[in-house]
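S.K.: Take this structure first; my questions come after.
Just so it is clear, none of the values below were taken in a lab; they were calculated from the coordinates. Since the model is a prediction, treat every value here as computed from it, not as a measurement. Quick reminder, even Gly has a Cβ in these numbers, built from the backbone with ideal geometry, and neighbours come from all protein chains shown.
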Amino acid sequence: MSYPVKHPLFSIIIPIYNTEKYLRRCVDSACCQTYENIEIILVDDGSPDDCPKICDEYAALDERIKVVHKSNGGLSDARNAGMRIAEGEYVIFLDSDDTLFANACEELHQYAETGCDLIAGGCVSGGERSFFNSGITAAGIYDARKYLKLSFTSGRMPMAVWLYVYKRSFLVKKKLEFMSGIFHEDEEFTPRVFLSANLVVFSGVCFYNYSVREGSITRGQDMRKNADDLYAVCQRLRTLYSRLSDRKLKRLAIDSLAVKYLSLFQDGRLYQYGKEYIRRKFIVVCTRRIRTAAKASLYCISPKIYWIVNRICKNT
């Protein structure tokens with residue numbers, strides 16, 4: 001049995017809904033951390049399966065575990081509920097169908113000592129190490145906006161919240177919570193966090209094991225809800241980015257919104273849902289880089305041809 005700690009360094013927040021098949025593996029990965037100065041917050045988001053029972057079983061075995069049982073409100077709402085009771089100096093978000101590596105917190109400990117607002121790391125997905133970010137190559141401390149600029153320049157700014165570890169006092173001070181009731185909540189949350197932060201440390205540590213499974217909310221066949229929410233998020237971000245004083249960062253950030261929507265258009269075959277999902281004006285207004293302009297031009301001429309050409313390119 002592990003014992004509770006008065007001042008945990010890390011709070012691992014696990015939002016849980018209908019993932020009974022994966023939950024024990026996930027929670028075990030948190031409980032078995034080689035660094036024990038942690039708390040684990042299991043947020044049962046009104047799960048209809050045996051997840052609530054499993055959560056209570058784990059809480060009875062490990063006093064570091066807190067359980068929140070709440071009515072279903074979605075992933076964002078569950079994460080927010082976990083943040084509100086967290087006591088750790090830093091917050092780690094862990095999806096209930098993924099796992100942490102056993103030495104994750106031990107490896108991240110030295111970077112937490114820097115006191116930076118954010119710790120950036122990487123993951124393993126499909127057996128391959130990835131940082132989802134070719135713009136940052138050297139471990140070290142960066143100005144948060146410079147980090148964002150380098151990432152946007154590379155064209156691979158990772159938005160997944162589980163790739164970062166967050167200083168809790170920073171989140172509280174800046175009143176940073178997730179927007180509830182939408183898909184693509186990470187896309188909305190992460191830019192706000194970076195634009196509110198002062199310093200971010202790139203750790204170079206792969207601490208997260210990401211699992212892609214059929215049936216997850218981002219792999220549904222009908223992508224109209226995803227498209228509606230992403231478009232709304234992009235509009236909110238466009239307003240946020242338009243206020244930036246750094247002209248280069250503004251240009252790169254706004255351009256990323258066009259790239260983001262075009263990517264979802266491709267993955268979700270949005271052409272099949274009619275004119276409502278053909279956002280020509282939005283794409284034109286947001287396109288700021290030459291390499292994006294080529295894609296945007298083809299999309300504006302014919303969204304269906306754009307989709308076909310992209311598919312052919314990806315398959316060759």
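S.K.: Just checking, how many residues over the stretch 161-186 are under 20 Å from residue 112 (Cα atoms) and either touching a residue at least 40 places away in the same chain (Cβ under 8 Å) or over 18 Å from the mean Cα position of the chain (by Cα) (or both)?
M.R.: Here the count works out to 14.
S.K.: Given the residues 261, 271, 299, which is the only one that is over 23 Å from residue 152 (Cα atoms) and surrounded by 15 or more Cβ atoms within 10 Å (Cβ to Cβ)?
M.R.: Step by step, each of 261, 271, 299 is checked, and only 271 is over 23 Å from residue 152 (Cα atoms) and surrounded by 15 or more Cβ atoms within 10 Å (Cβ to Cβ).
S.K.: What is the number of the single condition among (1) farther than 18 Å from residue 150 by Cα; (2) assigned to a helix (DSSP H, G or I) that residue 243 does not meet?
M.R.: For residue 243, the failing item is (2).
S.K.: Wholly within the stretch 1-90, which strands (runs of 3 or more DSSP E) include no fewer than the required count, namely at least 2 residues that are surrounded by 15 or more Cβ atoms within 10 Å (Cβ to Cβ), in contact (Cβ under 8 Å) with a residue 24 or more places away in the chain and under 19 Å from the mean Cα position of the chain (by Cα)?
M.R.: Passing ranges, in order: 10-16, 38-45.
S.K.: Can residue 285 be described as on the phi < 0 side of the Ramachandran plot and in contact (Cβ under 8 Å) with a residue 60 or more places away in the chain?
M.R.: No: the conditions fail for residue 285.
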